[in-house]
Amino acid sequence: MSRQKVLVTRGDIPESGLSILKNKYDLICWNKTTPIPRTEFLSMVKDVDGIFCLLTDKIDEEILSTAGSKLKVVSTMSVGLDHLNLNALKTRGIHVGYTPGVLTDATAELTIGLLLATSRKIIAAEHALRNGEWTSWSPNWMCGPGLANSTVGIVGLGRIGARVGEYLKPFGVNKILYSSRTEKTDAKKFNGQHVSLNTLLTESDFIIVTIALTPETREMFGKSSFDMMKSTAIFINISRGEIVDQPALIDALKNNKIRGAGLDVMTPEPIPLDHELLKLDNCVLLPHIGSAAIEARREMSVITAKNISAVLDGHPENMPSPVNI
Ligand code: NAP
């Protein structure tokens with residue numbers, strides 16, 4: 001009997017995950033470290049039993065119908081699901097796996113790093129030093145607001161948002177507000193107060209977005225949100241770029257409606273080098289590295305592989321992280 005086939009859409013998947021699949025299945029691999037082009041994806045996906053994919057791979061009707069009836073499982077090495085057409089997957093009875101939890105610490109620590117880099121101008125200061133602009137210690141040079149005694153608002157208190165709240169506690173933050181559809185018991189760990197989004201936007205000195213991207217949350221931050229924020233507010237987004245109406249954010253930054261923004265996610269990704277966001281000196285941009293801790297990426301590859309092998313071995317109930325659709 002021929003072995004089942006798994007399409008792996010990237011060439012630099014950590015070996016710890018790949019080795020779980022290698023001995024059991026025939027792996028069809030896109031061997032480059034850049035995303036698989038759509039035409040290659042459509043050609044390589046035919047007749048596979050499983051797909052090991054990343055957040056850069058759009059899994060839609062066309063991919064699923066081209067794959068054909070053998071496809072039993074799609075497992076993404078990410079916690080975000082916005083690149084997957086979940087309705088189409090559900091209709092076809094295809095199991096879906098993802099990697100929640102194992103990247104929470106890594107993404108939360110990057111969020112704190114990005115917040116500090118933005119508020120305390122860490123990247124700009126380092127560039128200034130290298131450019132010979134450090135002439136002396138100066139009372140006002142490279143100053144930004146501190147976290148102590150501030151109010152921080154977290155939008156979307158899921159796994160990552162809650163961990164960010166915990167990490168903020170030792171900084172002496174005065175109040176942590178959060179908005180979420182439901183109150184969260186996790187918020188007790190850091191005395192988080194459940195408030196409406198409008199209250200959070202008007203009262204916070206730092207606004208951190210950790211919400212999932214869904215049709216309801218797409219572009220939830222537009223002109224009216226930025227108008228509501230304090231002129232001294234710092235906006236941090238580690239969720240997905242599409243959560244933000246980006247031209248409205250650019251307008252807010254350009255016209256100093258808010259003090260600054262730190263973005264690990266944006267649209268498009270990668271952002272073109274001549275993009276307006278890169279011309280703003282009150283914006284810190286990172287190339288979507290929230291989960292890029294070595295341990296997290298290793299564990300993400302293992303979970304992604306185990307999700308696949310559970311289904312292909314006939315035991316979907318053993319998937320470590322199924323998406324319940
Ligand atoms: P999670 O535990 O599922 O949290 C998602 C949050 O979004 C929950 O608080 C949920 O609120 C909220 N939410 C979803 N739909 C909503 C809606 N319609 N209205 C209001 N709130 C809504 O996920 P997570 O593990 O914390 O990850 C959060 C997101 O971070 C991911 O979806 C992903 O896009 C992003 N992420 C980015 C990186 C990076 O590298 N930058 C890394 C990992 C994750 P309820 O609890 O009220 O449902």
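Figures for the structure shown
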item	result
Within region 100-110, considering residues that are within 9 Å of the ligand (Cβ to nearest atom) and assigned to a loop (DSSP other than H, G, I, E, B), the one surrounded by the fewest Cβ atoms within 10 Å (Cβ to Cβ)	Gly101
Qualifying positions in region 78-93 - aliphatic (A, V, I, L, M) and under 15 Å from the mean Cα position of the chain (by Cα)	Val79, Leu81, Leu84
Options Asn198, Asn191: the member that is over 23 Å from the mean Cα position of the chain (by Cα), within 15 Å of the ligand (Cβ to nearest atom) and among the polar types (S, T, N, Q)	Asn198
Verdict on Thr151 being on the phi < 0 side of the Ramachandran plot, out of contact with any helix residue (DSSP H, G or I) (no Cβ under 8 Å at 6 or more places or on another chain) and of a type in the set (S, T, N, Q)	no
Given (1) surrounded by fewer than 18 Cβ atoms within 10 Å (Cβ to Cβ); (2) touching a residue at least 12 places away in the same chain (Cβ under 8 Å); (3) more than 22 Å from Gly156 (Cα to Cα), number of the condition Asp274 does not satisfy	(2)
Condition broken by Pro322, with the remaining ones in (1) under 16 Å from the mean Cα position of the chain (by Cα); (2) under 30 Å from Gly93 (Cβ atoms) satisfied	(1)
Residue ID - nearest to Lys254 (Cα to Cα), chosen from residues in region 172-230 that are of a type in the set (Ser, Thr, Tyr) and surrounded by fewer than 17 Cβ atoms within 10 Å (Cβ to Cβ)	Ser224
All positions within region 72-92 that are without any contact (Cβ under 8 Å) to a residue 40 or more places away in the chain, in a loop (DSSP other than H, G, I, E, B) and either on the phi > 0 side of the Ramachandran plot or in contact with a helix residue (DSSP H, G or I) (Cβ under 7 Å, 6 or more places away or on another chain) (or both)	Asn85, Arg92
Checking Leu280 against (1) away from the ligand (no atom under 14 Å from the Cβ); (2) crowded, with 18+ Cβ neighbours inside 10 Å; (3) under 23 Å from Val265 (Cα atoms), the condition it does not meet	(2)
Any hit, region 137-160, residues being at pLDDT 95 or above, within 15 Å of the ligand (Cβ to nearest atom) and in a helix (DSSP H, G or I)	yes
Test: residue in region 94-102 that is more than 23 Å from the chain's Cα centre (by Cα) and without any contact (Cβ under 8 Å) to a residue 12 or more places away in the chain	no
Any chance Val173 is over 22 Å from Cys283 (Cα atoms), more than 15 Å from the ligand (Cβ to nearest atom) and β-branched (Val, Ile, Thr)	yes
In region 249-259, residue farthest from Thr56 (Cα to Cα) [restricted to those that are free of Cβ contacts under 8 Å to residues at least 60 places away in the same chain and buried (at least 18 other Cβ atoms within 10 Å of the Cβ)]	Lys257
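Per-residue answers, yes or no, for (1) touching a residue at least 40 places away in the same chain (Cβ under 8 Å); (2) under 25 Å from Ile271 (Cα atoms); (3) in contact with an Asp or Glu (Cβ under 6 Å, 6 or more places away or on another chain):
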| residue | (1), (2), (3) |
| --- | --- |
| Met142 | no, no, no |
| Thr151 | yes, no, yes |
| Ile176 | no, no, no |
| Thr182 | no, no, no |
| Thr185 | no, no, no |
| Ile238 | yes, yes, yes |
| Gly241 | no, yes, no |
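Residue by residue, here is whether (1) in a loop (DSSP other than H, G, I, E, B); (2) basic (Lys, Arg); (3) buried (at least 16 other Cβ atoms within 10 Å of the Cβ) holds:
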residue: Val6; (1), (2), (3): no, no, yes
residue: Ile13; (1), (2), (3): yes, no, yes
residue: Ser19; (1), (2), (3): no, no, no
residue: Lys24; (1), (2), (3): yes, yes, no
residue: Lys32; (1), (2), (3): yes, yes, no
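The values are calculated or read from the model by the stated rules, or taken from the named source; none is laboratory data. These figures come from a predicted structure and were not determined experimentally. Because the Cβ atoms are built from the backbone with ideal geometry, glycine has one as well, and the counts that use them run over all protein chains shown.
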